[in-house]
Amino acid sequence: MGGGWAATRVAYALVCLWAHVPRVTRIADAYAADDMRFSRGPLWLDDFWCMTVPSATAVWATATTGLLGLLWGGRAAKPGLLTWLVASWLFMSAEALNIKAYDRLWTWIALGLVFAPIGERALHTKWRSPVARWLLLVLYCALYGSTGWLKLLEEPRWWTGEVLAYHLLHPWFGSFPIGVWVSDKAWLTAPMSWWTVIFEVVFPFLVFFRRLNPWLLFAGLLMHFGILSLMDVGPFSLIAVSAYPALLHPEVARGVWERWERFQATGRTGAPSAGEQEPDAAR
Amino acid sequence: MPDRDERTTPAWLRIPALLLVAFTATWFALAYSFSLNGEQPSWARPHPWVWWFANWEMFTLLDDYAAVVRGEALYDGGWVPIDLEALFPTKWESGPRYTRSDFYSDPTWMGTFGEATCHRLDRVPEKVRFHRIVWKKQLGVSSRPAPTGMRPRPLTEWTCGDEVQRPQGERL
C-alpha cells in the first residue's frame, strides 16, 4: 500500500532536517578546518579538497535544500532525495572521522526511497511495486537481527541487565539523570534488556507475518522510545522509526486507511445509515 | 479504495531489482558473519572497509570502563593543562572526536591533532602531550565529570613544528 511511503517520506525528511540543520554550527571546526584534515577508508575527500567555510556552507545548504524538496514531495521528491544523498555525503566526507550508525541507516533508507513511489500524490489510494519495501525489510532484518543475535551469542550478561546498565553510564552516550537512576536497578534494566534482545532476535522472522507485523513494530516503537529517553544516540531512534510506516504489512496499512476514511466520513456527516452503506457494498 | 493496481515491477526492472535486493542481503549476511567470528574471506582482507557500511554491531558487549582524553602543553620547562574542549569544540553523541579509541590509537591522526593543538593555542608551546584517564564505572553514579586523582595513561607527545603527514602521504 503506497500510503506508508508518503508517511515515511515526510517523517524521514523531518528527522534528517533535525539531524542535519544543526551541523551548520560546526562547519568551521569540523568540516572546514584546514588543520584537522583526515582520511578514513573510502572517505578520502580531504586528501584532495579541503572545504573552506563558504564552500562547506554551500554544500550544507545544498543538502538542506534537497531535504526540503523531499519534504515537499511530488516532482521535487526524487531530485531532492538524490541531492540530499550526494551533498550530505560530500559534507560528511570532509569530516571523515565520525560516520555514525544513524548516518549509515539514513543512507540505507534513502536507497530504499530511491525505488519507492515517493513522488506520487494520493498514495493511500494505490498499490505499488514491493521492491522498495523488500529493500527496507532486508535492511531492518539485518539491523535488528545482526545486533540482536550478536548480543544473544556473544554477550550473556545482556540477560542480567548488566550490559545495558553500564551503557547507560557512558560519559557521552549516557549519564542522563534518569539513565543513571535506572542503572543500578536490575529489576528495570533486566526486563528492558530482555525486551531489546528478544525484539531484535525475532524481528527477522516475525515481521513477515501479517497478524504479528503491527505488534512487532509497536514493540520496536517502545524500544526506540526507551533508547531516546535514556541515552543520547542522536537521531538514531527517530530515523529508525521513520521508515516503520513503509514496513507495516500492506494489507494492514490498507485496513488502517480504510478505517481512517470511514472515521472521517462518519465524523463529518454522522453515522451512515444502513441504506447509505448499501451502494458501496454492492459495488 | 485503491484506484489502480501497479504492484508489478516494470519488466525491464525486475531482474536488476531482484539482484539489488539479493546483493544487499548477501552483503549484510557476510558483514554479520564477520562480526560474529572475526574471519573474513581472503578476497576481503585487503579491504576491511567493505564491512563497515553493512555492520550493525551496536552497544553489544559489556563496557564497564569509561575514559576521557586530556592534554598538556610544555612552556619554559613546565607542563600546563590545556582545555581541549575549548580548542576543539565540536562534539558528537560519542563525545569529542579525539576521545574515540580508534582516533587516539592512530599515530597519524594524533600527529595531526598534536600539530593543530600547537597552533590553536594562543602561544605556541614547545611540545604538547595527551593522556587518557580511565576508570571503572559505578552503577548509579554518573560518569560526568570524570573522577579526580586517577593515574593518567600516556598517549602521544608531539613536538610543535614537526611535519604532519596525511594517510595518503601528503604533508600538511
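The values are calculated or read from the model by the stated rules, or taken from the named source; none is laboratory data. Everything numeric in this text was worked out from a predicted model, so none of it was measured. Reconstructed Cβ throughout: ideal geometry from the backbone, glycine too, with neighbour counts over all protein chains shown. Heavy atoms of the whole protein, side chains included, go into the accessibility calculation; ligands, DNA and RNA do not. Shrake-Rupley method; radii C 1.70, N 1.55, O 1.52, S 1.80 Å.
Residue count for segment A:197-218 under the criterion of being buried (at least 16 other Cβ atoms within 10 Å of the Cβ) and within 18 Å of A:V256 (Cα to Cα): the result is 5. A single entry from B:V141, B:V80, B:V128 fulfils the requirement of being β-branched (V, I, T), farther than 23 Å from A:S183 by Cβ and open to solvent by 60 Å² or more (accessible area, probe 1.4 Å): B:V80.
Among the residues of segment A:111-121, those identified as part of a helix (DSSP H, G or I) and touching a residue at least 40 places away in the same chain (Cβ under 8 Å) are A:G112, A:L113. One residue alone among A:L45, A:L17 is more than 19 Å from A:A77 (Cβ to Cβ) and either surrounded by 23 or more Cβ atoms within 10 Å (Cβ to Cβ) or in the same structural domain as A:S93 (by TED's automatic domain parsing) (or both), and that residue is A:L45. Looking across segment B:133-172 at every residue that is of a type in the set (S, T, Y) and closer than 22 Å to B:M110 by Cβ, the one that is modelled with the highest pLDDT is identified as B:T159. Cβ separations smaller than 8 Å between residues 6+ apart or across chains give the following pairs from segment B:66-87 residues that are within 14 Å of chain A (Cβ to nearest Cβ) to residues that are among the hydroxyl-bearing types (S, T, Y) and open to solvent by 30 Å² or more (accessible area, probe 1.4 Å): B:A67/B:S101; B:V69/B:Y104. Just checking, does segment A:115-128 include any residue being more than 17 Å from the chain's Cα centre (by Cα), more than 8 Å from every other protein chain (Cβ to nearest Cβ) and open to solvent by less than 10 Å² (accessible area, probe 1.4 Å)? Looking for residues that are more than 17 Å from the chain's Cα centre (by Cα), more than 8 Å from every other protein chain (Cβ to nearest Cβ) and open to solvent by less than 10 Å² (accessible area, probe 1.4 Å), one finds at least one in segment A:115-128, hence yes. Among the residues here, B:E72 does not qualify as open to solvent by 50 Å² or more (accessible area, probe 1.4 Å), touching a Pro at 6+ places or on another chain (Cβ under 7 Å) and modelled with pLDDT of 90 or more.
Count of segment A:218-248 residues, restricted to those that are part of a helix (DSSP H, G or I) and either closer than 20 Å to B:E57 by Cα or in the same structural domain as A:W194 (by TED's automatic domain parsing) (or both), is 19. For the structure I just gave you, tell me whether A:M36 is within 24 Å of B:R100 (Cβ to Cβ), at pLDDT below 90 and part of a helix (DSSP H, G or I). For A:M36, the condition - within 24 Å of B:R100 (Cβ to Cβ), at pLDDT below 90 and part of a helix (DSSP H, G or I) - is not met.
Among the residues of segment B:98-109, are any closer than 18 Å to B:T159 by Cβ, without any contact (Cβ under 8 Å) to a residue 12 or more places away in the chain and in contact with a Phe, Trp or Tyr (Cβ under 9 Å, 6 or more places away or on another chain)? Within segment B:98-109, one or more residues are closer than 18 Å to B:T159 by Cβ, without any contact (Cβ under 8 Å) to a residue 12 or more places away in the chain and in contact with a Phe, Trp or Tyr (Cβ under 9 Å, 6 or more places away or on another chain). Of all the criteria given as (1) over 21 Å from A:W108 (Cβ atoms); (2) surrounded by fewer than 22 Cβ atoms within 10 Å (Cβ to Cβ); (3) at pLDDT below 95, the one not satisfied by A:V131 is (1). Number of residues in segment A:50-60 that are in a loop (DSSP other than H, G, I, E, B), in contact (Cβ under 8 Å) with a residue 40 or more places away in the chain and open to solvent by 10 Å² or more (accessible area, probe 1.4 Å) equals 1. Restricting A:T62, A:T107, A:T57, A:T83 to those that are more than 14 Å from every other protein chain (Cβ to nearest Cβ) and under 16 Å from A:Y12 (Cβ atoms) reduces the list to A:T83. Scanning segment A:162-184 for residues that are facing another protein chain (nearest Cβ under 7 Å) and either open to solvent by 20 Å² or more (accessible area, probe 1.4 Å) or in a helix (DSSP H, G or I) (or both) yields A:E162, A:V163, A:A165, A:Y166, A:H167, A:H170, A:W172, A:F173, A:V180, A:S183, A:D184. Contact map, segment B:113-140: first residue more than 9 Å from chain A (Cβ to nearest Cβ) and closer than 22 Å to A:A32 by Cα, second residue in a loop (DSSP other than H, G, I, E, B) and among the aliphatic types (A, V, I, L, M), Cβ cut-off under 7 Å, separation 6 or more or different chains; pairs are B:C118/B:V124.
Report yes if some residue within segment A:198-214 is modelled with pLDDT under 95, away from every other protein chain (no Cβ under 14 Å) and closer than 19 Å to A:W108 by Cα; otherwise report no. No.
If a residue has to be surrounded by fewer than 20 Cβ atoms within 10 Å (Cβ to Cβ), more than 10 Å from the chain's Cα centre (by Cα) and of a type in the set (S, T, N, Q) to count, how many in segment B:94-125 make the cut? Number satisfying all stated conditions: 1. Residues that are in a helix (DSSP H, G or I) and open to solvent by 80 Å² or more (accessible area, probe 1.4 Å) were ranked within segment A:150-161; the one that is farthest from the other protein chains (Cβ to nearest Cβ) is A:P156.
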